[in-house]
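*Asks:* Got a structure here, written out as structure tokens. Questions coming.
The values are calculated or read from the model by the stated rules, or taken from the named source; none is laboratory data. Since we're looking at a predicted model, the values are computed, not measured. Glycine also receives a Cβ, built like all others from the backbone with ideal geometry; neighbour counts cover every protein chain displayed.
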Amino acid sequence: MGRGVSGKERKLSHVAEFDSVGLRYGTGAEVLRDLDFRLGQGGFYFLTGPSGAGKTSLLKLLYLAQRPTRGRIRLFGEELTGAPRESLPRFRRRIGVVFQDFRLVRHLSAFDNVALPLRISGATDEQVEGPVREMLAWVGLADRASARPPTLSGGEQQRVAIARAVINRPDLLVADEPTGNVDAEMAQRLLHLFTALNRLGTTVVVATHDLGLIKASPGAKLIRLENGSLADPTGTLRNPPRTSRVEA
Amino acid sequence: MFAWFLASPSEGRLLGEGRLRGPTAWVIAIMSFSILVIAAAGLALASTAGMLSQAIAERYSVELPAGASNADALLNAVRSAPGVASADAVPESEMRATLGRWLGPAAQSPELPVPALINFDLRDGANLAAIDQRIRSVAPEATVAAHREAVGPLLHSLRVLQWVAFGLVLLLSAAASAAVVLAARGALENHRFTIEVMHGIGATDEQVTSLFQRKIAIDALVGSITGAAAAALVLLMLSAGASFAGELTGGATLSGWDFLILICLPLALTALATWVARLAVLAALRKAL
């Protein structure tokens, strides 16, 4: 694997730091409780756990779609818990997100969907052209650039979503069940894409039920959630070797 | 300053096509039409009131009861009085013609007593009391009346109508703003998904707002100009009647400034709609994380 499996990783700075983080929606019970962990820069993490364990909620905290109801979150070394919402776009631009349901804008072409992060960052149409074509070619969709999402297959939409998530070379890539809608072969291809990106320095967090995917990545670290809590708070991991523990 | 208005093709695609599918442009067009017609009426009333007021400000009448024999002497006395700019006797035929509008042919009857009437205008600083004294020395039975007292109620009504027109313009502008707020909220709801995606990718409120602001500004501009064009047609058709009214009031018409105000109104309405849309969108976006 990439930098995520390096034994020197503990010396690197942390992309994300969660301290006693809890989350509840409205007045309901807490869906996440007492989360304490660090994501090292350049790491590759799988987030696992049964349905309803809180994986998606944890990812939402990571990509700033939710604020914690208690605890402290630091992202890229900066405190986010009480940060004004005006400051959040700056962080979001450093995060790529692959949603379970792709979240592609239906009336935009694949090209425009992939170009969206660049345009939001201020790139002109001319500046966008080359990188987007290159990225579409990278995910094997060079000839589908002008197609709109409803005309694409599930796998193609997934790849467009991934291309959109990584076009800005994010510091953190978050993927929620990225293989949930694709066959095994496509799942492997996606994993290779994530691995390649991880090698380029991006911290990758993949929420998945897919054991095959995890087994295919022996160096990746595991974060297991059960009932909204870390199931393995001491960081003892079953899949990867000892050097790849989650820093809890 | 207006960079937000100039969207690149890719920015234009973000909210999809169908710029004028919604009712915003039509609502703004109706408001623009109504505002312009009412504003034109208000400005014409103001102009009329102003001219009328100016015309009668220093005008007075002396009335002698019917049968008085000293009308000519009185006219000479008024003309020669210090501070009188001009004085003219109203011919009896004109008096009878005026009365004829109410009395019909009976107004021509010799048995109808018709008073003698002298109209005179004063110069600035004239001493009315001295003139009145001079008139009474020639014709003690004469009465002097200021025209502004007779026309005062009419002038007051014109001023009230002018303010009513101004109030209506404000009310219609407020109604247009409310329609824009509803349109902005509707557009936000329609594009909620796109906005969530954009926010998730790192778009600022300003970036999202500029998309809606531009869309509504274009709708408002098209609507305002359409309404203004329709109002201009109606005002042109009414211009003959306005000329007649102008004659009655001594030629009161819309001045260059009035036309400038009317031309600026659709642009002001567009600016108002854009500003209101911006505030509405920003307020709605702030509710999200």
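*Asks:* Show the residue pairs meeting these rules: Cβ distance below 7 Å; 6+ apart or different chains; first residue within the stretch B:173-194 and away from every other protein chain (no Cβ under 14 Å) and farther than 17 Å from B:Pro23 by Cβ; second residue in a helix (DSSP H, G or I) and at pLDDT 90 or above.
*Replies:* B:Ser173/B:Ile35; B:Ser173/B:Leu269; B:Ser173/B:Leu272
*Asks:* As an exercise: evaluate A:Arg72 against (1) at pLDDT 90 or above; (2) touching a Pro at 6+ places or on another chain (Cβ under 9 Å); (3) surrounded by fewer than 21 Cβ atoms within 10 Å (Cβ to Cβ) and give the number of the one condition it does not meet.
*Replies:* With respect to (1) at pLDDT 90 or above; (2) touching a Pro at 6+ places or on another chain (Cβ under 9 Å); (3) surrounded by fewer than 21 Cβ atoms within 10 Å (Cβ to Cβ), A:Arg72 is out only on (2).
*Asks:* If you check A:Gly155 against the conditions, is it more than 24 Å from A:Ser217 (Cβ to Cβ), more than 14 Å from chain B (Cβ to nearest Cβ) and part of a helix (DSSP H, G or I)?
*Replies:* no
*Asks:* What about A:Gly140, is it at positive phi and away from chain B (no Cβ under 14 Å)?
*Replies:* In short, yes.
*Asks:* Continuing with this model, one more query. Does the stretch B:162-178 include one or more residues that are over 22 Å from the mean Cα position of the chain (by Cα) and surrounded by fewer than 19 Cβ atoms within 10 Å (Cβ to Cβ)?
*Replies:* yes
*Asks:* Go through the stretch A:143-152 residue by residue and tally those that are among the small types (Gly, Ala, Ser) and within 14 Å of chain B (Cβ to nearest Cβ).
*Replies:* 2
The rows are residues; the columns are (1) surrounded by fewer than 16 Cβ atoms within 10 Å (Cβ to Cβ); (2) part of a strand (DSSP E or B).
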site: B:Val78; (1), (2): no, no
site: B:Asp88; (1), (2): yes, yes
site: B:Ala97; (1), (2): yes, no
site: B:Gly100; (1), (2): yes, no
site: B:Pro113; (1), (2): yes, no
site: B:Asp124; (1), (2): yes, no
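Yes/no per residue for (1) touching a Lys or Arg at 6+ places or on another chain (Cβ under 7 Å); (2) more than 22 Å from B:Leu289 (Cα to Cα); (3) of a type in the set (D, E, K, R):
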position: A:Arg85; (1), (2), (3): no, no, yes
position: A:Pro89; (1), (2), (3): no, no, no
position: A:Asp101; (1), (2), (3): no, no, yes
position: A:Leu104; (1), (2), (3): no, no, no
position: A:Asp125; (1), (2), (3): no, yes, yes
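*Asks:* Could you tell me whether A:Tyr45 is under 30 Å from A:Ala142 (Cβ atoms), in contact (Cβ under 8 Å) with a residue 60 or more places away in the chain, outside the structural domain of A:Pro150 (by TED's automatic domain parsing) and not basic (Lys, Arg)?
*Replies:* When the stated conditions are applied, A:Tyr45 does not pass them.
Table: residues versus (1) under 12 Å from the mean Cα position of the chain (by Cα); (2) of a type in the set (Gly, Ala, Ser); (3) not in a helix (DSSP H, G or I).
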{"position": "A:Gly140", "(1), (2), (3)": "no, yes, yes"}
{"position": "A:Ala165", "(1), (2), (3)": "yes, yes, no"}
{"position": "A:Leu173", "(1), (2), (3)": "yes, no, yes"}
{"position": "A:Thr179", "(1), (2), (3)": "no, no, yes"}
{"position": "A:Val182", "(1), (2), (3)": "no, no, yes"}
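*Asks:* Output the residues belonging to the stretch A:51-109 that are of a type in the set (Ser, Thr, Tyr), away from chain B (no Cβ under 11 Å) and not in a loop (DSSP other than H, G, I, E, B). Write out each step before concluding.
*Replies:* Of the residues in the stretch A:51-109, the ones of a type in the set (Ser, Thr, Tyr) are A:51, A:56-57, A:63, A:69, A:81, A:87, A:109.
Still in the list and also away from chain B (no Cβ under 11 Å): A:51, A:56-57, A:69, A:81.
Scanning the stretch A:51-109 gives A:Thr56, A:Ser57.
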